[in-house]
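Just below is one structure, and these are the notes that go with it.
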Amino acid sequence: MNHRFKNIITLLCIICSIGAAGQSTNFVHFDTEDGLPQSQVQTIQQDDDGNLWIGTMAGLAKYNGQTFTNFSKQDSLAEDWITTSYKDKSGNIWLGHWGGGVSKYIQKSKAFINLDFDIISQFNPITAILEDSDGNFWFGTDGGGVYRYDILNNTVYVVTSDEELSGDYVSSICEDNIGNIWIGTDNGITIYDKAQAINAEEAYTYLNIEKGLIVDNITVVQSVLDNEIWVGTGGAGIVIIKILEGVSINELETIHDAVSTIITTEDGLSSNGINSIFEDDDNTIWIGTSTGGVTKFIPDEGPRDNDDALRAGTYKTLSTRQGLNYHKVNVVFQDREGNYWIGTEVGLNRYRSDKFQIYDDADGLANNIIWSVIEDSHGNLWMGTNNGISQMLLNEAGSYSIENYYTTDGLVQEVILAVCEDDEGNIWFGSASNGVSRLSKDGRFKSFNTDNGLADNTVYSITKAINGDVWFGTKKGASRYNPDSESFESFTSKDGLGGNNIYRVYADSKGKIWFGVLGGALSVYDGTSFTNFRDEEGIGGNFVLSIAEDGLGNIWLGIYGSGLLKYDGTDFKRYTQADGLSSESPSLIIADNENNIWVGSSKGLDKLNQETGTISTFGKKEGFLGIETNANSVCKDSKGNLWFGTIMGLVKYDPSQDIPNEIPPSVSLESMRIKLKEAELLRSAVYNYDQNHFTFEYLGISLTNPGEVVYSYKLDGFDEEWTPVSRTNSATYSNLPHGEFDFQIKAANAEGVWSEPSSTYNFIVTPPFWKTIWFYAICIVVAVLGIFAFDRIRTASLKKEKKVLEDKVQERTAELAIKNEELAEINEDITASIRYAKRIQEAILPPISIITKHYPESFVYYEPKDIVSGDFYWMDQIGDKLMVAAVDCTGHGVPGAFMSIIGNNLLSDYVNKQKMTTPSKILDSLSKGVYDTLRQSEEEQDAVKDAMDLAFCSIDTKTNKLQFAAAYNPLYLVRNGEILETKADRKAIGEPAEEATLASYTNHEMDLQKGDTIYIFSDGYVDQFGGKKGKKFMGRRFRQMILDINSMSMKEQEEFMADRLTKWKGERDQVDDVLVIGIKI
């Protein structure tokens, strides 16, 4: 009982010491809520496809970066409880089980097999698996010794304590650099010399307490750094053994015959209980412990040829204080992208690097809410918090100490919103409501407020000008403090300032002072006067939250609700969520040494790479644990690190630890559906002509940032180019023609590193029998024979009839002449009537000036198929409401024209007489009016079964608010280079009541912005056949065309559309009336 109590006390001391060790770092946690079958992670491996395999006590999980897929005994595993795992040279993964079984995952077939090993192992738990350099497999058991499996001869040899093994409870097996097998047991280490027979007594060497080991209970043996064996123990630390060159294993009398040493907590281990040892790609040793998390050991450079050199290196602890989810670590693993995966008793941890580190009150800060942060001229950090001031003193070794100041020390108030150092080395602190404090170099505070000339006691921001003046942004104006006269001078809107509520004051490198105003204009002071920037200059808002300058002298502004602005001295350039920003209200901005722009908001951090124009986002999953940044609470220190004040503490970004992921995603085809039904992925598959609707689902595995993986694909034999980049991981092809096809995919990770295009699926769609060569041949033979027989019969018949016909020709010629004269007269009358109908129809079409007087950049592209058209456009204005409709009536030509007159009259009646302005209500009334007019019902057999498709817009010309309703035809809105589609209701105008749904047409509303372009249209353009293959133009091509020409003037767009349609149809006839209306705001 006393021994157990001592252990508990020791454990508590370890935990407390870990808790005081340092800041939290970059961990992401996974547990059963994320999809693990059970929390106790025992093993981790990665297959050749990039999937992570996690063994637990309740099954196996496969993690592809997106989801966990779990496997159990029902999926052909030997059993659920997995105790160890190993990846062999062929890429197969071997799994050891608690009940003595062994399972094997075959990489090539993606299937599991049960090796039925539990009978051989006599149901003793499998604790270790190793493939040696000769291709033999070794299995360590807990109580049954060790088994060597010779695959070539299919034989198993057992070694136990009854023969040559030092103990039957085997914990670990490894092979050293010269091929010796090291076996860790509960009774020391057994070393087998593979050059000798396995049953030869002289083949074995033993290491135990008598031969220099500190304990016999061995938990880990691992070969690292080419020629070192690291031996982990249950509570005595690690023994490092390095066999000297020229010394045979058999010559070892004790470990002292080799270079050896012991490392424990006194040297830097976080715990002496060792569970696992792992060497990463950089030769760093990761030590998983039973009570202290993980210890990273980075060996010193230079030869490791003596005891002191073996233990020389840097030790770093990663435990619960640094963000690890539990202190007991079972396994450490590094994936192919350099991420580290740590399995503990309560789940899985992913660790990338220490690029983000967070400091909070547990590290000694006065409070976790950091309102401001600066680095002073001595390299120390000062933070204004919600409960006083914290000073962080940093040294070259990376350690730190923190000293806090409160009102009891002379501070003017606990809540400090702003911090600044002046040229004399004094530190100024702006408070939330009590003015400012100045801490002099001798450690004394002095307070200033409105009684001393400060504009207001609420101080949001402080900056130092080039000339040494200190500027203060307050709630009621800006104040300038002159150190020489020790006096304040205040400025307000009366002096030219853009407003009085100054949220940000910033001194640039050119000596100008910038003022971010809440509810006013951005102001800049050049030393003599103020210049203000408002909406008309391109600001886009009246609330400037943040201001910063980059290395090229550009000024960057964060505007509440309007995104990020770059001002180069002449023009403003805006970045919004459409460009990749996570928020449109940047609260802080800073440029790093590479001139990347960092933007903080309530949703985390964004980094804008000015060279590439790309924006990367950092949130909790990317290691930024601060989550929500505070306004203007940011600084860059003298080493190039960035410090961010957040609601969770102070976050440090270390650029040297931001290791780019240069490994492209591993791409694989996951599944396929044919006609929406799951189908097997077959090699060299052949499908019938009616099996031509394919859906491919694929995945690019990048475990570093799986949510940022993007794809492009191409169906060789059908697509001419690769598809645009997208995060969608599926592709659908419908109505594929017959032919040979190759589906290819490529993917890029968050850093933009692309995988090589890979051929993932080859298949053939066979033609129907009537398109096969043999069918063509039969048809040709039959046709030739038929023609020959027909020609013989026809020739005889013609000779007989020739005489009769000659007699009738003269008679019929005279009759035809008379009939032709009559038909020509009738045709002339009909054509004249239709042309007159065309003039009538054109007369009722409204002039486009109804639109262009409000939106000059507009067009109507109208191309009837026949003389008269079934498509028509309608527009009118009621008050400030500009109403425009693109209508497609059933049919074309004369029938369509009649329908267009009905539609035009009804629309004019509802809008002009009944004063309707809501599009959905107009469509409801129009549908009923068409239905009543045409008497469409099943009881009336002679009733007309016609309808209309249309898109109807109502634009408030003062507010630019758009209302839209439609039947079948959508609206396209082009904004910032993207198409936003507003879908139409799937019911036509004039449907019979029993066929239409009871619901009214949907009324859509949206706010239009300057530069927006809206398009409404009929289906004539997209349905036109043409091109090389005689296919329809289709909506996808129409959308792309709109994006490609959006930068043109509307007149040029109209001409381009007409020219494109003419070239597309070529010699083919126009199939339908064409109508497109475009309006640029």
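Quick notes on this one:
- Against the conditions (1) surrounded by fewer than 20 Cβ atoms within 10 Å (Cβ to Cβ); (2) in a loop (DSSP other than H, G, I, E, B); (3) touching a Ser or Thr at 6+ places or on another chain (Cβ under 6 Å), residue 112 satisfies every one except (2).
- Of note, residue 456 satisfies the criterion of being outside any strand (DSSP E or B) and within 46 Å of the chain's Cα centre (by Cα).
- Within the stretch 541-588, tally of residues that are of a type in the set (Lys, Arg) and either buried (at least 21 other Cβ atoms within 10 Å of the Cβ) or part of a loop (DSSP other than H, G, I, E, B) (or both): 0
- Condition check for residue 894: in the same structural domain as residue 1074 (by TED's automatic domain parsing), modelled with pLDDT of 70 or more, surrounded by 10 or more Cβ atoms within 10 Å (Cβ to Cβ) and in a helix (DSSP H, G or I): yes
Quick grid of which residues meet (1) without any contact (Cβ under 8 Å) to a residue 40 or more places away in the chain; (2) surrounded by fewer than 22 Cβ atoms within 10 Å (Cβ to Cβ):
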{"site": "154", "(1), (2)": "yes, yes"}
{"site": "157", "(1), (2)": "no, yes"}
{"site": "177", "(1), (2)": "no, yes"}
{"site": "192", "(1), (2)": "yes, no"}
{"site": "209", "(1), (2)": "yes, yes"}
{"site": "218", "(1), (2)": "no, no"}
{"site": "224", "(1), (2)": "no, yes"}
{"site": "239", "(1), (2)": "yes, no"}
{"site": "244", "(1), (2)": "yes, yes"}
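- Here residue 620 clears all of (1) modelled with pLDDT of 95 or more; (2) basic (Lys, Arg); (3) out of contact with any strand residue (DSSP E or B) (no Cβ under 6 Å at 6 or more places or on another chain) except the condition numbered (1).
- Residues that are within 30 Å of residue 109 (Cβ to Cβ), out of contact with any Asp or Glu (no Cβ under 7 Å at 6 or more places or on another chain) and either not in a strand (DSSP E or B) or not charged (D, E, K, R) (or both) are absent from the stretch 619-630.
- Residue in the stretch 930-958 that is modelled with the lowest pLDDT, counting only those that are touching a strand residue (DSSP E or B) at 6+ places or on another chain (Cβ under 8 Å) and in a loop (DSSP other than H, G, I, E, B): 946
- Of all residues in the stretch 291-313 being in contact (Cβ under 8 Å) with a residue 40 or more places away in the chain and within 24 Å of residue 344 (Cβ to Cβ), the one that is surrounded by the fewest Cβ atoms within 10 Å (Cβ to Cβ): 291
- Taken over the stretch 358-370, the criterion of being under 21 Å from residue 618 (Cβ atoms) and surrounded by 23 or more Cβ atoms within 10 Å (Cβ to Cβ) is satisfied by 358, 359, 370.
- Flag if residue 806 is among the acidic types (Asp, Glu), modelled with pLDDT of 70 or more, out of contact with any strand residue (DSSP E or B) (no Cβ under 9 Å at 6 or more places or on another chain) and surrounded by 11 or more Cβ atoms within 10 Å (Cβ to Cβ): no
- In a residue-by-residue description of the stretch 1074-1081, the property of being in contact with a strand residue (DSSP E or B) (Cβ under 7 Å, 6 or more places away or on another chain), under 20 Å from residue 889 (Cβ atoms), in a loop (DSSP other than H, G, I, E, B) and touching a residue at least 40 places away in the same chain (Cβ under 8 Å) applies to no position.
- Subset of the stretch 667-715 that is over 30 Å from residue 750 (Cα atoms) and among the hydrophobic types (A, V, I, L, M, F, W, C) - its residue that is modelled with the lowest pLDDT: 682
- Filter result for residue 817 (aliphatic (A, V, I, L, M) and at pLDDT 75 or above): no
- Residue count, the stretch 880-921 (criterion: more than 47 Å from the chain's Cα centre (by Cα), of a type in the set (A, V, I, L, M, F, W, C) and within 18 Å of residue 1076 (Cα to Cα)): 1
The values are calculated or read from the model by the stated rules, or taken from the named source; none is laboratory data. Just so we're clear, the structure is a prediction, and the values are computed from it rather than from any experiment. Heads up, the Cβs are rebuilt from the backbone with ideal geometry, glycines too, and the neighbour counts pull from every protein chain shown.
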